[in-house]
Amino acid sequence: MRWSRTAPPRAAGVLALLVAATGLVGCSSSPPREGATSTVSPLSIRLPLDATLATGTGVVAVVPMGRLGDALNTFWQLLFRSTNATRWALVTPPGVADNGGLVVSPIPSRGGKDSWLAGFEPSQALDFSPLALSVDQGASWSPGVVTDGLAPVPDALSTSVDAGSVALVRTRGGAVLMSTGNISMWSELVTRSAIASTEAGRSCGVGDLTAVALVPSRGVEVGTACSAPGVVGIFGRARGSWRLVGPRLSGRTGAEPTQMLRLVDANGVTSGLLAVGDKTGTSLIGMARTTGGAWSRSAPLPLGPGGRVISTGVEVGGGYVVLVSGSNRSLAIDTETGPAGDWQALPAPPPGTEAVAVGSHGEVDALGVASTLLTDWRLDASAGTWSKIGTMTVPIPFGSSS
Amino acid sequence: MPGMGTYLQTKNPVIVSAFHGALFHQLLLVGLVLVALSVVWNILRTTQYRRSVAAGTITGPPATVMVPAEPVARRVLRVGFGMLWILDAVLQLQAAMPLGLPSSVLQPAASSSPGWVQHVVHFGVRIWTDHPVQAAAAAVWLQLGIGALLLLAPRGRWSRLAGLASIGWGLIVWVFGEAFGGIFGSGASWLFGTPGAVLFYCLGGVLVALPERIWSSPRPGRLILRALGVFLVGMAVLQAWPGRGFWQGSVPGKSPGALTAMVRAMAQTSQPGVLASVVRAFGRFDASHGWGVNLVVVVLLAASGLAFCTATPRLVRPALYVAVVLCVADWVLVQDLGFLGGVGTDPNSMLPMALVLVSGYLAISRVPVGVPVVVAADRSVSDSDAPVVRTRPWWDRVAPSYLTRVLAAIAAIAVVLVGAIPMAAASVNPNADPILAVAVDGTPNIVDLRAPPFDLVDQAGRSVSLSDLGGKTVALTFLDPVCTSDCPLIAQEFRYANSLLGADSDKVVFAAVVANPIYRATAFTNAFDRQEGLEHMRNWLFLTGSLPALDQVWENYGVEADVVPAGAMVDHSELAYLIDARGHTREVLSTEPGNGSASSSSFSVYLANALRRVINR
């Protein structure tokens, strides 16, 4: 009893000393920069791999199917619907168990069929990432490999017709690899620690690497989380050094840490989805870079208490559509009116919706999953209702990964 | 096929057959010991007779000494626990014991205990899981031997040794088999067996191992009763403690109380219908009168505990009746006899506890007195507690009954050793019993056929044909380099088998042929090697080639490699061919991994042994 009465002051003193010492260490290793505050923890939002991306020839979607609560019986599917088709086609690359997840990067065609580079996330005993490249919209696939595991983010791969491919991997605390031709040969471009140690990195307070994009005429750009309030973590390489190339937020959002959730080159428009916020709430901001290099951005879309993004989609012009689950498991869809445009709430999708896609004609599809059954719901914008336009039974190989 | 891991059922016929085989072989060994001891007994008795006749003492009068009879309290303990150990040994004979004990008894016993207890118990689980046949058979003989020793050695150092053996094995069972009797777990209750049945076996062992002279006063009896009295009062307090779920029966819309839930669970045990209906009926009664049942238990525990604390025969006697009735009621209605269901190892805590209570009461109420015993003054009766007449030669001193009991005790110790030695060997052997691999994969096909040739490239891009490997024994398997489950396990089994081979590894090449028609380039075999740490294994080859070349090899070796849609890995056969130095296939093994590290380690041992067989042919 005597010990417990005397302990708090002693403990408080020790704690105060520790805090003071920690502050001193922090000051010595990371001197404060103008306009940057490194005392806020960076965001660490885990964005699901459920994603859609529209190109000029159609929409590609990554959707989990099977028993979604059981990782070994959840099989990720790659689906494609060409622009004028009404039905989705199953184009999942074969030969690898994809329980860990799939990511895909389309390479828009110039008049012909799109190419896609798909990557398998590690799972169970597999700790590297097999790849699959298709130049005929999934009719056939060629294998490749990244000998590190791809980062579990939708934009872990990015490709371009001319500049090769980049991959964001989870090893060494996060690193970006580059391949100039053979998708089984990769070399390291940069690591998270290398970016964090640059002047730009210090001013950002780099958290996780969260996206990578190969932007024509600009090269590789890397999305990160930033603990510094208002700093948007998009890094590009210029004159031999990694620099911040994203905008700076101001106003209320300028006082909060950020995390790039998506970063894509959408038909020539660099488009990003940014999360800003703290423990009390998170908002989403759509961003798009104009040809002149300036960034425009949408107004913040608050996710609400307990809200979380369960799927993201990129429209053909670079605007985003998001599927959000509320604290009471209710589903909501918000879409931008064009790149970095205002957010517009759509009617709540049917239960079981796992992904949402906006086609090249502006049509909105909600993809519902019930075990092996995929249901395509189409929004009737005028009536504000969802209509079932098709179903597909996928031969889920239950038990094959157990 | 990958992803279709085999789970061994508790009554897997291979394991059960091996268990029975081990018991039979050990029975033969015990029989041999008994025969040898019978011969020794015969020789000694013949010598004794001849020497006595020669010395003319055959008709001499026996010496008469005054020695106390074995105290009745001690005899109750010795005989009671001897019979309990033998009953436990018989229960260990159940076919489900080798594979069922870890999952159905050891792990559940520790499930509600803190992490460090589970960690300790895991050590025992690992030994049993890795060596199920050896451990299960050893437990039979250990317990049979201890029980026999207790019954056959009523007096002297052999009897005390039996007590010590009971303590030693009892503590092992209490720690690893009962997770310290659940005393560190949540939900501990006297009704459910706290502090563990085997702790009473240990207590009985301690009392048997004590010098017999301590029983000449009522002091040990008082000590026993007071200790158990305090224990019962403590258990009454624990039982009465609010918030532990014992005061409630079953309220609609809420989870049932702790006792109701336990009784309902026990009623599900496989058992005779009559007993199940009795237990279910009590469960229903407790569900509707949970508060009253707990009140009765608390009051009876506390009252009998306080009476035992007085150690006064007048108060202890009625308390003993109450406690024994309560023990029997709990044994039947809550513990459901404890040994049913196929993996019951003992009759739980109530019988041994009642035994100790009765012994305590007898120790304070029936103090032994000396009685004249007409025998030759030998150690068969007196041992260290009685005068010994050493003036006569041994054949005149040693009574035939003493000789018989000594040899019987030696036989019982031999039985203990038949169990203890394999159990000790299992506990220090890091490699699992290869019988597990046989249980998972079946017995290998023994053949002598020329192995189909192949011409492929290794992970470095060098051309490799079967003829290039001439002079070496080849372990050839088929692996998918981007497989997520089985193939990495099989690769690790091969790698470990290589390390088990020691110097013989120079005579062996471990080779895998790619079993994926899409991901078959060396980029994938190299990534796989790096993932599995095989890149520095100098006798490891991961072979691949063009699709036609691989197709030919798969066909020649009877391997299927089918691409499955919708996100599945390639479905391929899991086989290994052991090819001798002349290029002949000698054994074909299934490489399908079982579940858990035990079966994996077991396969490595099995593979290493099989490779040695092929090398030495």
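The values are calculated or read from the model by the stated rules, or taken from the named source; none is laboratory data. Nothing here was measured: the structure is a model prediction, and the numbers come from that model. Ideal geometry is used to build each Cβ from the backbone, glycine not excepted, and the neighbour counts take in all protein chains shown.
Kindly provide the set of residues from the stretch B:593-606 that are of a type outside the set (F, W, Y), crowded, with 22+ Cβ neighbours inside 10 Å and either modelled with pLDDT of 95 or more or out of contact with any Phe, Trp or Tyr (no Cβ under 9 Å at 6 or more places or on another chain) (or both), ordered by number.
If the condition is that a residue be of a type outside the set (F, W, Y), crowded, with 22+ Cβ neighbours inside 10 Å and either modelled with pLDDT of 95 or more or out of contact with any Phe, Trp or Tyr (no Cβ under 9 Å at 6 or more places or on another chain) (or both), then B:A598, B:S599, B:S602 are the ones that fit.
Given the criterion aliphatic (A, V, I, L, M) and over 17 Å from A:A61 (Cα atoms), identify the matching residue among A:V358, A:V269, A:V314, A:V321.
When all the criteria are applied, what remains is A:V269.
For residues that are in contact (Cβ under 8 Å) with a residue 40 or more places away in the chain and within 29 Å of the chain's Cα centre (by Cα), tally how many sit in the stretch B:200-227.
Looking only at that region, the number is 10.
Answer yes or no as to whether B:V76 is of a type outside the set (K, R), in contact with a Lys or Arg (Cβ under 8 Å, 6 or more places away or on another chain) and closer than 19 Å to B:I214 by Cα.
No; evaluated as a whole, the condition is false for this residue.
Looking at B:A523, B:A503, B:A497, can you tell me which residue is more than 19 Å from B:A460 (Cα to Cα) and without any contact (Cβ under 8 Å) to a residue 12 or more places away in the chain?
B:A503
Assuming A:S165 fulfils every condition listed in (1) at pLDDT below 90; (2) polar (S, T, N, Q); (3) surrounded by 22 or more Cβ atoms within 10 Å (Cβ to Cβ) apart from one, which condition is it?
Among (1) at pLDDT below 90; (2) polar (S, T, N, Q); (3) surrounded by 22 or more Cβ atoms within 10 Å (Cβ to Cβ), A:S165 violates only (1).
Any idea which of (1) at pLDDT 95 or above; (2) out of contact with any Ser or Thr (no Cβ under 6 Å at 6 or more places or on another chain); (3) more than 14 Å from every other protein chain (Cβ to nearest Cβ) is the one B:N526 doesn't satisfy?
(3) is the only condition that B:N526 fails.
Tell me, which residue of the stretch B:514-537 that is surrounded by fewer than 24 Cβ atoms within 10 Å (Cβ to Cβ) and outside any loop (DSSP other than H, G, I, E, B) is nearest to the chain's Cα centre (by Cα)? Break it down stepwise before answering.
Applying the first criterion (surrounded by fewer than 24 Cβ atoms within 10 Å (Cβ to Cβ)) to the stretch B:514-537 yields B:517-518, B:521-523, B:526, B:529-537.
Still in the running and outside any loop (DSSP other than H, G, I, E, B): B:522-523, B:526, B:529-532.
Values: B:T522: 47, B:A523: 47, B:N526: 43, B:D529: 39, B:R530: 39, B:Q531: 37, B:E532: 34 Å.
In this case the residue turns out to be B:E532.
Out of curiosity, is B:R284 of a type in the set (D, E, K, R) and modelled with pLDDT of 90 or more?
yes
Can you tell me which residues in the stretch A:80-107 are away from every other protein chain (no Cβ under 11 Å) and either aromatic (F, W, Y) or touching a Phe, Trp or Tyr at 6+ places or on another chain (Cβ under 9 Å) (or both)?
Hits for the stretch A:80-107 are A:F80, A:R81, A:W88, A:A89, A:V103, A:V104, A:S105, A:P106, A:I107.
Keeping to the stretch B:426-482, report how many residues are within 14 Å of chain A (Cβ to nearest Cβ) and surrounded by fewer than 19 Cβ atoms within 10 Å (Cβ to Cβ).
The number of residues fulfilling the criteria is 1.
Which strands (runs of 3 or more DSSP E) sit wholly inside the stretch A:175-237 and have at least 1 residues that are within 14 Å of chain B (Cβ to nearest Cβ) and crowded, with 18+ Cβ neighbours inside 10 Å? So that I can check it myself, show each step before the final result.
Details: elements: A:175-179, A:187-191, A:206-215, A:219-226.
Those strands (runs of 3 or more DSSP E) span A:175-179.
Name the residue that is farthest from the other protein chains (Cβ to nearest Cβ), counting only residues in the stretch B:538-569 that are under 22 Å from A:F128 (Cβ atoms) and under 42 Å from the mean Cα position of the chain (by Cα).
B:L541
Tell me yes or no: at least one residue of the stretch A:303-310 is assigned to a strand (DSSP E or B), more than 16 Å from the chain's Cα centre (by Cα) and not small (G, A, S).
As a first pass, look at the stretch A:303-310 and keep what is assigned to a strand (DSSP E or B): A:308-310.
Add one more test, that the residue is more than 16 Å from the chain's Cα centre (by Cα), and what stays is none.
Looking for residues that are assigned to a strand (DSSP E or B), more than 16 Å from the chain's Cα centre (by Cα) and not small (G, A, S), one finds none in the stretch A:303-310, hence no.
Would you check which residues across the stretch A:249-267 are free of Cβ contacts under 8 Å to residues at least 40 places away in the same chain and part of a helix (DSSP H, G or I) and list them?
Passing the criteria: A:G254, A:A255.
Check whether at least one residue in the stretch B:573-589 is within 14 Å of another protein chain (Cβ to nearest Cβ) and either over 30 Å from A:V91 (Cα atoms) or without any contact (Cβ under 8 Å) to a residue 24 or more places away in the chain (or both), and report yes or no.
no
Those residues that are farther than 24 Å from A:V135 by Cα, small (G, A, S) and more than 21 Å from the chain's Cα centre (by Cα), I need them from the stretch A:174-198; list them, please.
A:A194, A:S197
Considering only the stretch A:108-141, state which residues are without any contact (Cβ under 8 Å) to a residue 24 or more places away in the chain and within 12 Å of another protein chain (Cβ to nearest Cβ).
If the condition is that a residue be without any contact (Cβ under 8 Å) to a residue 24 or more places away in the chain and within 12 Å of another protein chain (Cβ to nearest Cβ), then A:A125, A:D127, A:F128, A:S140 are the ones that fit.
Could you grab me the full set of residues in the stretch A:366-402 that are within 14 Å of chain B (Cβ to nearest Cβ) and part of a strand (DSSP E or B)?
Within the stretch A:366-402, A:V369, A:S371, A:L373, A:L374, A:M392, A:T393 meet the criteria.
Tell me which of these B:S485 doesn't satisfy, since it passes every other one: (1) within 22 Å of A:Q124 (Cβ to Cβ); (2) over 38 Å from the mean Cα position of the chain (by Cα); (3) facing chain A (nearest Cβ under 10 Å).
B:S485 satisfies all of (1) within 22 Å of A:Q124 (Cβ to Cβ); (2) over 38 Å from the mean Cα position of the chain (by Cα); (3) facing chain A (nearest Cβ under 10 Å) except (2).
Residue-wise test of (1) in contact with a Lys or Arg (Cβ under 6 Å, 6 or more places away or on another chain); (2) in contact (Cβ under 8 Å) with a residue 60 or more places away in the chain; (3) crowded, with 19+ Cβ neighbours inside 10 Å.
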{"site": "B:L91", "(1), (2), (3)": "no, yes, yes"}
{"site": "B:L99", "(1), (2), (3)": "no, yes, yes"}
{"site": "B:Q118", "(1), (2), (3)": "no, yes, no"}
{"site": "B:G124", "(1), (2), (3)": "no, no, yes"}
{"site": "B:I127", "(1), (2), (3)": "no, yes, yes"}
{"site": "B:Q143", "(1), (2), (3)": "no, yes, yes"}
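Out of (1) more than 10 Å from chain B (Cβ to nearest Cβ); (2) under 21 Å from B:M569 (Cβ atoms); (3) hydrophobic (A, V, I, L, M, F, W, C), what's the single condition that is false for A:F75?
(1)
Of the conditions (1) surrounded by fewer than 24 Cβ atoms within 10 Å (Cβ to Cβ); (2) in contact with a helix residue (DSSP H, G or I) (Cβ under 7 Å, 6 or more places away or on another chain); (3) polar (S, T, N, Q), B:S166 fails just one. Which one is it?
Checking B:S166 against (1) surrounded by fewer than 24 Cβ atoms within 10 Å (Cβ to Cβ); (2) in contact with a helix residue (DSSP H, G or I) (Cβ under 7 Å, 6 or more places away or on another chain); (3) polar (S, T, N, Q), the one that fails is (1).
Look at B:G533 and say whether it is touching a Gly at 6+ places or on another chain (Cβ under 7 Å) and more than 10 Å from every other protein chain (Cβ to nearest Cβ).
No.
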